[in-house]
Amino acid sequence: MILVDTSVWIDYFNGINNWQTDHLDNSLTNDTVLIGDIILAEILQGFDDQSDFNKARIALDSLECISISNKQLALQSAINFRFLRSKGVTIRKTVDMLIGTWCIESGVRLLHRDKDFDRMAKHLPLNIAVDGV
């Protein structure tokens, strides 16, 4: 099971070939790929063309969509943010902090192309996909 961040989906829908999009392509066939509600919104709001929006919406509809946040997760996300800040690490986006915290709390691996998640994983038990694994 793997949660795929918006950063990878953007590359995937733009036809960019990298190890993350290859991993996503493989996971779509051989693994359970999750999409978060917030991630779904981020992806779909990025489409300018209605036809592309409709195609992406249909493609993503087959994935299990999970709710990223609730009160307890929001509190844990704030705790994690403050911990990271005490280590000199500031995560730029609240949504990334929520996604990372959801993955930690749920024990789900994260596939991403965002350096903030790598910075989180250095100090928190965030399980991130790496090239070749």
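The values are calculated or read from the model by the stated rules, or taken from the named source; none is laboratory data. As the structure is a computational prediction, the values presented were derived from the model and not from experiment. Cβ sites come from the backbone with ideal geometry, for glycine too, and all protein chains shown count toward neighbours.
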Read through the list (1) under 12 Å from the mean Cα position of the chain (by Cα); (2) of a type in the set (V, I, T); (3) closer than 22 Å to Y12 by Cβ, then give the number of the only condition that T101 fails. (3)
Where K55 falls short, out of the listed (1) surrounded by 13 or more Cβ atoms within 10 Å (Cβ to Cβ); (2) within 15 Å of D114 (Cβ to Cβ): (2)
Which count do you get for residues in segment 34-85 that are outside any helix (DSSP H, G or I) and over 22 Å from K122 (Cα atoms)? 15
Collect the residues in segment 4-34 that are in contact with a helix residue (DSSP H, G or I) (Cβ under 6 Å, 6 or more places away or on another chain) and among the aliphatic types (A, V, I, L, M), keeping them in residue-number order. V4, V8, L24, V33
If you go through L126, L98, the only one that is surrounded by 14 or more Cβ atoms within 10 Å (Cβ to Cβ), of a type in the set (A, V, I, L, M, F, W, C), in contact (Cβ under 8 Å) with a residue 12 or more places away in the chain and assigned to a helix (DSSP H, G or I) is L98
L34 fails exactly one of (1) surrounded by fewer than 16 Cβ atoms within 10 Å (Cβ to Cβ); (2) of a type outside the set (S, T, N, Q); (3) at negative phi, namely (1)
Applying the selection to segment 107-123, what residues are surrounded by fewer than 17 Cβ atoms within 10 Å (Cβ to Cβ), free of Cβ contacts under 8 Å to residues at least 24 places away in the same chain and closer than 15 Å to M97 by Cβ? K115, D118
For D25, are the conditions met, namely being out of contact with any Ser or Thr (no Cβ under 7 Å at 6 or more places or on another chain) and either part of a helix (DSSP H, G or I) or modelled with pLDDT of 95 or more (or both)? yes
Can you say whether G100 is at pLDDT 95 or above and on the phi > 0 side of the Ramachandran plot, as far as the supplied structure shows? no
Anything in segment 64-73 that is hydrophobic (A, V, I, L, M, F, W, C) and surrounded by fewer than 15 Cβ atoms within 10 Å (Cβ to Cβ)? List them, or say none. C65
Please state which one of I2, I16 is among the β-branched types (V, I, T), under 18 Å from R113 (Cβ atoms) and exposed (fewer than 13 other Cβ atoms within 10 Å of the Cβ). I16
